[in-house]
Amino acid sequence: MDRGIESALLHGHPLVSDDDRQLSELRRTYSGWSISRDENHRGYVAVHRSETPNPRRERAGIKTTVRGLTVEALGEALFVQRALRGDGAEPAR
């Protein structure tokens, strides 16, 4: 174990993984989505907070639930959903 990590643990500092940091950033950027780890522990899932599934929009690629095996893949899927909804593909700053 890295001495810095070991020292942090001994002093009671919790470790935060890069995935956790990226997940927090996604939650801030895409606040209209409920983002979590997939219940089957196979990646991540985002469910739109206010939209209900609509078969016509789903066929057009506008989804109310998107999944990604990695945080990066989920971020890319959410980026596409934002663009398809006409919200602009530029993340809010």
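Just so you know, all these numbers are worked out from the coordinates, no wet-lab data involved. Quick caveat: nothing in here was measured; it's all calculated off a predicted structure. Positions of Cβ are generated from backbone atoms using ideal geometry, with glycine treated the same way; all protein chains shown enter the neighbour counts.
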Among SER50, SER34, which comes first, then next, by fewest other beta-carbon atoms within 10 Å? SER50, SER34
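Report, to one decimal in Å, the Kirkwood hydrodynamic radius for the stretch 17-84 based on all distinct Cα pairs.
Result for the stretch 17-84, one decimal place: 12.1 Å.
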Segment THR70-SER24, length gained on full extension (0.36 nm per residue, minus Cα span): 15.2 nm
